[in-house]
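For reference, the structure is listed below as structure tokens.
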Amino acid sequence: MQAQPTLLAVDLGLRTGLAVYGRDGRLVRYRSTHFPNIGALKKALPSVMDEAPGIAWLVCEGDRHLATIWSRLAEKRGARVLWASPERWRATMLAPAERTDGAHAKAAAERLAREVIAVSGAKRPTSLTHDVAEAIVIGLWGALEVGWISELPAGLGREARRVGAR
């Protein structure tokens, strides 16, 4: 039996945030991981990608060099790759006042990520790092961009967070 398609969102870095979404746009799982160096990342990457069985999309933001490493393996597995620049995803997912600078955007992403976790029924975090919060929000943005969902889930608390508002 073939796995259902998934979207893997990654906030790239040696400290990496990961979020996996199902085809219905629902957050399935999320976590953070730390790679001590690029060699360790390359070695661990196959097992990290195994956490998104049936990967159809890789959505990533961050270091372009690391994106190349991730995208090569994702494409070998048959996935398409979408680059999420901060300007693109923040324009859709955050209100103008929330994106005045990096600190405001990170705080807003954390609030939104907690809302996404709640409406998805995912396990609530004891703590939520910036990299994981951004991966969660980037993943939801990616689900919109690739057409897996046509609007943001109800219950995210802000009417302006509508696809038509992009």
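The values are calculated or read from the model by the stated rules, or taken from the named source; none is laboratory data. Everything numeric here is computed off the predicted structure, so don't read it as measured data. Cβ: placed from backbone, ideal geometry, glycine included. Neighbour counts: every protein chain shown.
Leu112: within 24 Å of Gln4 (Cα to Cα) and surrounded by 14 or more Cβ atoms within 10 Å (Cβ to Cβ), yes or no? Here the answer is no, as Leu112 does not meet what is asked.
Of the set (1) crowded, with 18+ Cβ neighbours inside 10 Å; (2) more than 28 Å from Gly155 (Cα to Cα); (3) not small (Gly, Ala, Ser), all apply to Thr16 but (2). Inspect all residues belonging to region 114-134 and state whether any of them is within 12 Å of Ala9 (Cα to Cα) and of a type in the set (Val, Ile, Thr). Yes, there is a match, as at least one residue in region 114-134 is within 12 Å of Ala9 (Cα to Cα) and of a type in the set (Val, Ile, Thr). Any residue at all in region 88-97 that is crowded, with 18+ Cβ neighbours inside 10 Å, aromatic (Phe, Trp, Tyr) and in contact (Cβ under 8 Å) with a residue 60 or more places away in the chain? No; the residues of region 88-97 include none that is crowded, with 18+ Cβ neighbours inside 10 Å, aromatic (Phe, Trp, Tyr) and in contact (Cβ under 8 Å) with a residue 60 or more places away in the chain. Filtering region 15-34 to residues that are assigned to a strand (DSSP E or B), more than 12 Å from Val137 (Cα to Cα) and not aliphatic (A, V, I, L, M) leaves Arg15, Thr16, Gly22, Arg29, Arg31, Ser32, Thr33, His34. Among the residues of region 124-140, those that are assigned to a loop (DSSP other than H, G, I, E, B) and in contact with a helix residue (DSSP H, G or I) (Cβ under 8 Å, 6 or more places away or on another chain) comprise Arg124, Pro125, Leu128.
For (1) modelled with pLDDT of 90 or more; (2) not aliphatic (A, V, I, L, M), each residue gets a yes or a no:
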position: Trp57; (1), (2): yes, yes
position: Arg64; (1), (2): no, yes
position: Ala67; (1), (2): yes, no
position: Trp70; (1), (2): yes, yes
position: Glu75; (1), (2): yes, yes
position: Leu82; (1), (2): yes, no
position: Arg90; (1), (2): yes, yes
position: Ala107; (1), (2): yes, no
position: Glu110; (1), (2): yes, yes
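Scanning region 1-19 for residues that are under 17 Å from Leu82 (Cα atoms) and free of Cβ contacts under 8 Å to residues at least 60 places away in the same chain turns up Pro5, Thr6, Leu12. Going through (1) surrounded by fewer than 21 Cβ atoms within 10 Å (Cβ to Cβ); (2) touching a residue at least 60 places away in the same chain (Cβ under 8 Å); (3) not charged (D, E, K, R) one by one, Gly22 falls short only on (2). For region 75-114, a residue qualifies if it is of a type in the set (D, E, K, R), more than 14 Å from the chain's Cα centre (by Cα) and assigned to a helix (DSSP H, G or I), and the qualifying residues are Glu75, Lys76, Glu87, Glu98, Arg99, Arg111.
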